[in-house]
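The values are calculated or read from the model by the stated rules, or taken from the named source; none is laboratory data. Bear in mind the structure is a predicted one, so any value in this text is a computation, not a measurement. As a convention, Cβ positions derive from the backbone with ideal geometry for all residues, glycine included, and neighbour counts pool all protein chains shown. Surface accessibility is based on the protein's heavy atoms, side chains included, excluding ligands, DNA and RNA. Shrake-Rupley method; radii C 1.70, N 1.55, O 1.52, S 1.80 Å.
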Amino acid sequence: QLKPSPYPRTSMTSVVALTALAIALNVQATWNQGILNGVAPEEPSFHHVSFLEAREAPVNQTHHLVSIMLGRYKDLGVYFIALADREQHVRQFAREKLGVGELDIIGEGAHIPKLPLGFLQVQGEIHGKLPLDKITPAEVAVSQSHTLALEYFKNDDAIKHGLFFEDDITIDDDVFAMAINSTEMNSNNVMEVLYTMGQTSDELGWQGLNLGRCWDDCPSKIMKTYETAGIDLVETCNSYCAHAYFMTKKGAEVMIKYTRPIRASGDGIRCALSQEGLLKYYSTSPRMFNQDRDDQKSGLHSTDRLPECVHHKAVVCKRREPWVNAIVTGQF
């Protein structure tokens, strides 16, 4: 006959919590050992500078409420992912720089998670093979917010292309001035230029088009040239930065599939999917949009330098984050 335990009884809630914590710690320890054994990428990961990373304050602050906002131009949907304290800036940018009318708030984005990432991994929101030291809570929130915006776009039958912006977006006025005056573009304003760009997906077959790439390898294979506008559409290898990009419905489907659960930062996933032939992701050169590094400082980077190209004599496409490719292809 079993004797009563001399120790206090543990509630089922405590057991579950302790079990989850043990699993999470075991997952982290396993990946730490893997990193020691050489699984980590050969060179540092190039995480994108996101609108949330700059202000990683307590999540109960009102400026961490994230809105997904939508404007329309013909059958083009213009989506903004914006913190509450940047909403007026975004509305002004859409009205004065893009010429889009009033934006509607169509949903709420994701907040920076309060729970440790290990718990989210146990719950299945983060992929079990993602090393937790390779992603930040802010990047989790950014990835989830972009995925939510992509889902709104995917489910809207009236919209053919989605154009996605983060709230630190700035426009390159010089690039657009040339484009508007270009005989090839046949456009009178910024939105007409962007609309013309979007239509090239039918001709070139791209599923995503980055309008503000950074840290890429150059030179890039040119797929289409607007000579009088001074803009090339290029096939790229490591097209980081996600503050301005197009998606087709097929591109949105692919991104949603590979960001639920989260497998890496949004930038890492786009690059890996492109490198593995799972997402046809092009870029414009020069980039047409930049990030506001004056008002929106990054907490991750020691420099605000975000060059369009970091390698200018690239011969082959180098996988900078091979562990992301391994998760995407299932070959880990």
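Looking only at the stretch 164-180, count how many residues are open to solvent by 20 Å² or more (accessible area, probe 1.4 Å) and touching a residue at least 12 places away in the same chain (Cβ under 8 Å). Residues that pass the stated criteria total 5.
Of the strands (runs of 3 or more DSSP E) contained entirely in the stretch 211-277, those carrying at least 3 residues that are open to solvent by less than 10 Å² (accessible area, probe 1.4 Å) fall at 231-235, 244-247.
Does residue 196 count as buried (at least 18 other Cβ atoms within 10 Å of the Cβ) and more than 30 Å from residue 313 (Cα to Cα)? In short, no. Is it the case that some residue within the stretch 178-188 is farther than 26 Å from residue 330 by Cα, of a type in the set (Val, Ile, Thr) and in a loop (DSSP other than H, G, I, E, B)? Yes: one or more hits.
Among the residues of the stretch 148-171, those identified as under 23 Å from residue 93 (Cβ atoms) and in a helix (DSSP H, G or I) are 148, 149, 150, 152, 153. Residues of the stretch 278-288 that are in contact with an Asp or Glu (Cβ under 8 Å, 6 or more places away or on another chain) and open to solvent by less than 10 Å² (accessible area, probe 1.4 Å): 282, 283, 284, 288.
If the condition is being on the phi > 0 side of the Ramachandran plot and in contact (Cβ under 8 Å) with a residue 60 or more places away in the chain, then the stretch 185-222 contributes 205, 215. Just one of (1) within 30 Å of residue 315 (Cβ to Cβ); (2) of a type in the set (A, V, I, L, M); (3) in contact with a strand residue (DSSP E or B) (Cβ under 6 Å, 6 or more places away or on another chain) fails for residue 254. It is (3). When the stretch 200-210 is filtered for residues that are surrounded by fewer than 24 Cβ atoms within 10 Å (Cβ to Cβ) and outside any loop (DSSP other than H, G, I, E, B), the ones remaining, listed by number, are 200, 201, 202, 203, 204.
Here is a yes/no grid of residues against (1) under 22 Å from residue 259 (Cβ atoms); (2) open to solvent by 40 Å² or more (accessible area, probe 1.4 Å); (3) at pLDDT below 95:
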position: 76; (1), (2), (3): no, no, no
position: 79; (1), (2), (3): yes, no, no
position: 85; (1), (2), (3): no, yes, yes
position: 94; (1), (2), (3): no, no, no
position: 101; (1), (2), (3): no, yes, yes
position: 108; (1), (2), (3): yes, yes, yes
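Residue 248 passes every criterion in (1) within 12 Å of the chain's Cα centre (by Cα); (2) more than 27 Å from residue 137 (Cβ to Cβ) apart from (1). Across the stretch 134-163, the number of residues qualifying as under 13 Å from residue 80 (Cβ atoms) and open to solvent by 50 Å² or more (accessible area, probe 1.4 Å) comes to 1.
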